[in-house]
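Below is one structure, written out as structure tokens, with a few remarks after it.
The values are calculated or read from the model by the stated rules, or taken from the named source; none is laboratory data. Being a predicted model, the structure only gives us computed values, none of them experimental. Cβ placement follows ideal geometry from the backbone for every residue including glycine, while neighbour counts extend to all protein chains displayed.
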Amino acid sequence: MSDPRDHLCLALDTADADEARRMADLVGDSIQWHKVGSALAVQGGESLIKDLKEAGKKVFLDYKFHDIDQTVANAVSGAIRLGVDLLTVHAVVPVVRAAAKAKGDSATKIVAVTVLTSMDESDLEAEGWHEGAAALVRSRAQNAINAGADGVVASAQEAKMLRDLLNPSAFIVTPGIRPAGGEAQDQKRISTPASAISDGSNLLVVGRPILQAQNPRDAANSILEEISSALHY
């Protein structure tokens, strides 16, 4: 049976890289995956990534690249040189194609962001989409995989649909994870760890429920127990 730690990623959504290092130290070996987002890109992100890799951690670079082909290719190549294990691009076909081409035979996985978990039906309707979040996620996910992505980022509410729809090797990343009984905060399409794993998610991204806990390591271990219960079900 797989290690629950293979399925949990701590979102280091902290004020700066030093605070991220402190948090990584606090959770210790309870967390193997760490997400470095765009807010840290201009606040010591590169040195943080190097430190995490030297400590034997897996790094999820969540910069959500979305630009012209050459810029995306250069960004992906740079991320690979840093040794990141997973990175995000927006689920736009030319962007995904450029990223996949730049990746080559690298072990780094490229996952395409479909619809942010902070958005719901009313947000999408305001943007001119009236067919529901699931339909948009389905369309973007299929297009991204066909364009060369290794997987997608979507809410856990779409995980089962995507697991049934995509090829078995597709890597599904789900943010918006809240422990059983946890508050939604500014996330709108959320799920519990056990439910997300049962529905086919590969990697669960958790931030504030761990970062803001009185004891972050205990909070991480509690989530790992929820994941383990689903893996052994």
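Against the condition crowded, with 22+ Cβ neighbours inside 10 Å and either out of contact with any helix residue (DSSP H, G or I) (no Cβ under 7 Å at 6 or more places or on another chain) or among the hydrophobic types (A, V, I, L, M, F, W, C) (or both), how does Leu82 come out, does it pass? So that I can check it myself, show each step before the final result.
Working: crowded, with 22+ Cβ neighbours inside 10 Å: no; either out of contact with any helix residue (DSSP H, G or I) (no Cβ under 7 Å at 6 or more places or on another chain) or among the hydrophobic types (A, V, I, L, M, F, W, C) (or both): yes.
It is false that Leu82 is crowded, with 22+ Cβ neighbours inside 10 Å and either out of contact with any helix residue (DSSP H, G or I) (no Cβ under 7 Å at 6 or more places or on another chain) or among the hydrophobic types (A, V, I, L, M, F, W, C) (or both).
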Residues of the stretch 1-52 classified as more than 24 Å from Ala194 (Cβ to Cβ), among the small types (Gly, Ala, Ser) and touching a residue at least 60 places away in the same chain (Cβ under 8 Å), total: 0
Among residues of the stretch 162-191 being in a loop (DSSP other than H, G, I, E, B) and modelled with pLDDT of 90 or more, the residue surrounded by the most Cβ atoms within 10 Å (Cβ to Cβ) is Pro175
Find the residue count for the stretch 192-219, including only residues that are at pLDDT below 95, over 15 Å from the mean Cα position of the chain (by Cα) and among the charged types (D, E, K, R). 1
Filter the stretch 111-145 down to the residues that are in a loop (DSSP other than H, G, I, E, B), under 20 Å from Leu86 (Cβ atoms) and among the hydrophobic types (A, V, I, L, M, F, W, C) and list them by number. Val115, Leu116
Among the residues of the stretch 21-56, the number that are aliphatic (A, V, I, L, M) and either under 25 Å from Ser228 (Cα atoms) or more than 18 Å from the chain's Cα centre (by Cα) (or both) is 9
Subset of the stretch 203-233 (residues that are in a loop (DSSP other than H, G, I, E, B) and either free of Cβ contacts under 8 Å to residues at least 24 places away in the same chain or buried (at least 19 other Cβ atoms within 10 Å of the Cβ) (or both)): Gly207, Gln212, Ala213, Gln214, Asn215
Note down all Cβ pairs under 9 Å where the first residue falls in the stretch 104-130 and is among the acidic types (Asp, Glu), the second is assigned to a helix (DSSP H, G or I), and they're at least six residues apart or on different chains. Asp120/Ala133; Glu121/Ala133; Asp123/Ala133
